[in-house]
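Taking it in order: structure first as structure tokens, then the write-up.
Taken together, the values in this text are just the output of simple stated rules run on the coordinates, not laboratory data. What you are looking at is a predicted structure, and each value in this text was computed from that prediction instead of being measured. Cβ atoms come from the backbone with ideal geometry, glycine included; neighbour counts cover every protein chain shown.
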């Protein structure tokens, strides 16, 4: 079982619409160990509430799902590599501190530093290909 962190953009896409990210979330929840940094949780819930305008019932269901996952509080350590966006640097620092084995994101600021990162940073499609042996 892999300790996986899904960035807020992946969680938002997973909860807002059916598709690649919702399939990925279902796969991670059933076959991996999802670690959710507090910053990721807060950002995903904010976007789903304010921008996507999900109902309070839908948000309560999402909170129930996230509550079953391991929480990762904010790390006191800085990001292990420089990241353009300070919010993304915080996500990487929190994921590393929580012992995450892979970070899945659609964010180019994080994907651009993947080669220097102490943990793999991959796109949703790349993660599914890795964990499902290339079958999508």
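Computed quantities for the displayed model
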{"item": "Taking 1, 129 and counting other C-beta atoms within 10 Å, the order from fewest to most", "result": "1, 129"}
{"item": "Relative intensity, log₁₀ I(q)/I(0), of the chain from a Debye sum that treats every alpha carbon as a point, q = 0.11, 0.14, 0.17 Å⁻¹", "result": "-0.35, -0.58, -0.87"}
{"item": "Full-extension gain in nm, residue 77 to residue 31, via 0.36 nm per residue minus C-alpha separation", "result": "13.6 nm"}
{"item": "Cα→Cβ-extended label distance, 7 Å offset, between residue 126 and residue 59, nm", "result": "3.3"}
{"item": "Pair residue 109, residue 49: separation of 7 Å Cα→Cβ label points (nm)", "result": "2.2"}
{"item": "Label-point gap, in nm, between residue 101 and residue 23 - each point 7 angstrom along Cα→Cβ", "result": "2.2"}
